[in-house]
1. Only helices (runs of 4 or more DSSP H) wholly contained in segment B:304-361 count here; list those with 3 or more residues that are closer than 15 Å to B:Pro71 by Cα.
2. For segment B:378-403, how many residues are out of contact with any helix residue (DSSP H, G or I) (no Cβ under 8 Å at 6 or more places or on another chain) and part of a helix (DSSP H, G or I)?
3. What's the number of the only condition in (1) modelled with pLDDT under 90; (2) farther than 16 Å from B:Val185 by Cβ that A:Ala31 fails to meet?
4. Search segment A:19-36 for residues being within 11 Å of chain B (Cβ to nearest Cβ) and not in a helix (DSSP H, G or I), and hand back the single one that is farthest from A:Arg75 (Cα to Cα).
5. Which residues, counting only those in segment A:37-59, are at negative phi, facing another protein chain (nearest Cβ under 7 Å) and surrounded by fewer than 19 Cβ atoms within 10 Å (Cβ to Cβ)?
6. What are the residues in segment B:367-396 that are under 23 Å from the mean Cα position of the chain (by Cα) and either farther than 22 Å from B:Gln555 by Cβ or modelled with pLDDT of 85 or more (or both), if any?
Amino acid sequence: MTEIIKLSRARRGQEGRIHAVEAIEDNPADALELERRLLEFGLVEGARVQMIHEGPVGRDPVVLNVEGMRIALRRHEVRGLSLQLDEADTAA
Amino acid sequence: MSASMTTVALIGNPNSGKTALFNALTGSRQKVANYAGVTVERKAGAVRAPDGTPMTVLDLPGTYSLRARSPDEVITRDVVLGRRPEDVPDVLVVVADATNLRLVLRLALEIKAVGLPAVMALNMYDIAERQGLRIDLEGLSKAIGMPVVTTVATRKRGLDDLLVAVQGVLASTAARPSTWHEPDVAEIRAAHREASRILSAHVRPPERPDTLTGKIDSVLLHPVAGLLILLTLLFVMFQAVFSWAAPGMDAIDMGLGALGGWVAGIMPDGLLQSLIVDGLISGVGSVLVFLPQILVLFLFILLLEDFGYMARAAFLMDRIMGGAGLHGRAFIPLLSSFACAIPGVMSARVIDSKRDRLTTIMVAPLMTCSARIPVYTLIIAAFIPRETVWGWVELQGLVMFGLYAAGIISALVVSFVIRKIFWRGAFEPFMMELPAYKMPDPGSVALNLWQRARIFLERAGRIILPLMVVVWALSTFPGPPPGATGAAIDYSFAGMIGRALEPIFAPIGFNWQMVVALVPGMAAREVAVAALGTVYAVADAESAVGTLAGVLSLQWSLATGLAFLAWYVFAPQCVATLGVVKRETNSWMWMWVMVVYMFALAYLAAFVVYRLAVAFGLG
């Protein structure tokens with residue numbers, strides 16, 4: 001059984017596949033816009049993602065390797081995304 | 001541009017080498033202007049197909065989707081959809097980074113719905129080959145329904161093939177009516193699945209993937225080392241602006257001095273000689289002399305941009321700037337504002353959100369633009385001794401660094417206040433792609449640098465030259481009455497204006513000559529230097545007291561010099577910037593907010609500095 005975590009809680013080095021994509025914003029219009037942008041950058045269900053860098057202040061923003069592309073984003077932008085960790089990461 | 005000529009529009013993701021391809025195709029035959037009504041740069045150029053057919057090429061702002069989110073992307077969408085009458089493309093060229101196809105494939109699928117004939121240019125193909133990336137060109141072409149051509153823009157490879165393919169697709173495909181609509185989330189997901197399917201069917205992953213970018217990033221994005229490198233880079237940049245530019249500045253200074261002397265020698269004394277030597281040559285010369293510094297600054301910015309560092313800087317700065325209510329992406333416009341607030345304000349378009357953009361625009365003029373350099377250099381040369389502190393840091397450079405820091409800190413404070421007053425809790429995404437590092441292409445850097453130099457020179461010619469004549473006239477007419485004892489300028493219009501405004505500026509330690517210089521200095525900051533030169537050169541024409549800095553150090557107290565510096569950190573002394581702000585915000589209100597808050601800060605800062613300096617006995 002592999003572990004599913006919030007992508008916004010992931011730490012540097014953790015990797016896995018995007019389990020679910022949902023954008024969380026107070027304003028429904030903002031949420032829809034955020035979801036489209038996340039999808040446009042390739043953060044779709046099933047995409048392979050690894051967190052490769054964390055920002056200097058408060059470990060934010062972060063850089064994700066999304067299927068070979070480097071996408072920089074803020075943690076709270078991906079708080080609606082869940083990540084299914086690979087076996088090795090779950091064990092650790 | 002004739003209606004019959006074929007127009008080719010280049011569209012692609014940011015960092016796909018689109019502009020490099022545009023430069024390779026058009027060379028120097030390109031025109032940079034603005035789209036009507038908006039300030040998005042419109043880059044159009046001429047190119048000839050191998051058979052001699054002339055075509056027009058358009059370079060459109062990079063985008064991930066036709067679903068426009070920023071003014072830049074609105075232009076891209078409108079041109080692609082044929083909604084801008086000045087640019088109706090006949091053929092679309094989808095420019096793809098061959099090593100990074102996923103997102104552009106989705107864009108290509110969207111482009112197909114537009115119905116125009118299209119070609120895909122697989123750019124940076126040499127890098128893909130070096131990585132051992134295998135692309136089944138024929139299969140890919142069939143899957144996306146458009147011809148695929150490989151190009152290496154930086155080496156001008158594949159350009160003829162691309163143009164032939166453009167002609168071919170134009171001859172064989174009729175434009176269909178557009179069926180494009182804004183994709184909803186389900187459609188974006190479906191398009192991604194389709195793009196993934198195409199990718200796995202026709203592209204074999206690289207045998208030797210780019211590991212260099214990852215290695216460089218592990219240093220440059222390191223939480224501690226990365227920030228230190230960023231700060232060091234900025235510090236080196238400002239030291240370089242001083243030391244590298246010095247020989248060029250000396251040469252220009254000497255050349256113009258010799259020219260002035262030569263003209264004075266061959267022309268009879270009188271009004272015309274005074275106009276040319278004191279007005280034109282010394283006036284424009286005192287501005288032209290800063291061209292080397294501006295070039296050094298732009299060289300740094302262009303190299304960092306081409307190298308791929310700018311996005312990293314935005315990443316490192318986001319949280320720090322976010323504390324002040326600024327978007328990490330505002331880093332790029334604000335950094336450009338170090339060269340000039342105008343491109344800075346304009347490049348704020350890369351920020352999707354209206355609120356973040358407006359905040360960035362409002363504080364951009366607080367960043368120390370290159371037009372302040374002449375003013376700062378002059379005052380520093382006059383009042384700060386040429387010494388070295390701590391063994392290696394030039395004191396003058398250190399003061400300059402301090403002035404830059406004052407600009408940055410005040411920008412952060414003002415944006416924090418704007419955010420607190422005007423909008424609270426508004427959220428805007430930061431998301432951006434970090435491009436692979438690339439060696440900057442010397443040709444394109446040179447071309448860009450030349451364009452910047454030309455903009456500066458045109459500005460010097462068109463705005464500053466006429467102003468210098470006005471300043472000269474104001475400080476020459478009317479001439480002193482017979483038997484007058486004071487300097488000629490005491491009796492001129494400039495003297496009258498200066499004396500009339502003097503009471504307002506007396507509390508901050510400004511004398512009337514300075515007030516005279518501030519008036520034309522409204523047109524552009526650097527004009528103040530030229531105006532001071534004219535005011536003092538005319539006033540002391542006979543005694544010929546060395547350089548302007550020498551004159552100032554004798555005429556002003558240290559407190560006055562420091563107050564003048566403080567004034568210039570804040571004062572909105574640039575009508576051109578205000579004009580751009582009005583245009584970019586599409587509002588007189590925001591422009592006036594800027595004018596008022598900046599003058600208020602300038603007066604306050606100069607007042608505090610002057611009073612403190614006087615209290616410490618420097619008056």
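The values are calculated or read from the model by the stated rules, or taken from the named source; none is laboratory data. Bear in mind the structure is a predicted one, so any value in this text is a computation, not a measurement. Reconstructed Cβ throughout: ideal geometry from the backbone, glycine too, with neighbour counts over all protein chains shown.
1. Values: elements: B:309-322, B:331-336, B:341-347.
Fully inside segment B:304-361 and qualifying: B:341-347.
2. Of all residues in segment B:378-403, those out of contact with any helix residue (DSSP H, G or I) (no Cβ under 8 Å at 6 or more places or on another chain) come to B:390-393, B:395, B:398, B:402.
Then keep just the ones that are part of a helix (DSSP H, G or I); that gives B:395, B:398, B:402.
Matching residues across segment B:378-403 total 3.
3. (2)
4. Taking segment A:19-36 as the starting set, the residues that turn out to be within 11 Å of chain B (Cβ to nearest Cβ) are A:21-27, A:30-36.
Cutting the leftovers down to not in a helix (DSSP H, G or I) gives us A:21-27.
Numbers: A:Val21: 14, A:Glu22: 14, A:Ala23: 12, A:Ile24: 12, A:Glu25: 13, A:Asp26: 16, A:Asn27: 18 Å.
Filtering segment A:19-36 for residues that are within 11 Å of chain B (Cβ to nearest Cβ) and not in a helix (DSSP H, G or I), the one farthest from A:Arg75 (Cα to Cα) comes out as A:Asn27.
5. A:Val57
6. Of segment B:367-396, the ones under 23 Å from the mean Cα position of the chain (by Cα) are B:367-377.
Those that are under 23 Å from the mean Cα position of the chain (by Cα) and either farther than 22 Å from B:Gln555 by Cβ or modelled with pLDDT of 85 or more (or both): B:Met367, B:Thr368, B:Cys369, B:Ser370, B:Ala371, B:Arg372, B:Val375, B:Tyr376.
Residue-by-condition table, conditions (1) without any contact (Cβ under 8 Å) to a residue 40 or more places away in the chain; (2) more than 18 Å from B:Ile408 (Cβ to Cβ):
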{"site": "B:Val296", "(1), (2)": "no, yes"}
{"site": "B:Met310", "(1), (2)": "yes, no"}
{"site": "B:Ile332", "(1), (2)": "yes, no"}
{"site": "B:Ala339", "(1), (2)": "no, no"}
{"site": "B:Lys354", "(1), (2)": "yes, yes"}
{"site": "B:Leu366", "(1), (2)": "no, no"}
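Residue by residue, here is whether (1) closer than 22 Å to B:Leu378 by Cα; (2) surrounded by fewer than 14 Cβ atoms within 10 Å (Cβ to Cβ); (3) within 11 Å of chain A (Cβ to nearest Cβ) holds:
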position: B:Thr232; (1), (2), (3): no, yes, no
position: B:Phe235; (1), (2), (3): yes, no, no
position: B:Ala246; (1), (2), (3): yes, yes, no
position: B:Gly260; (1), (2), (3): yes, no, no
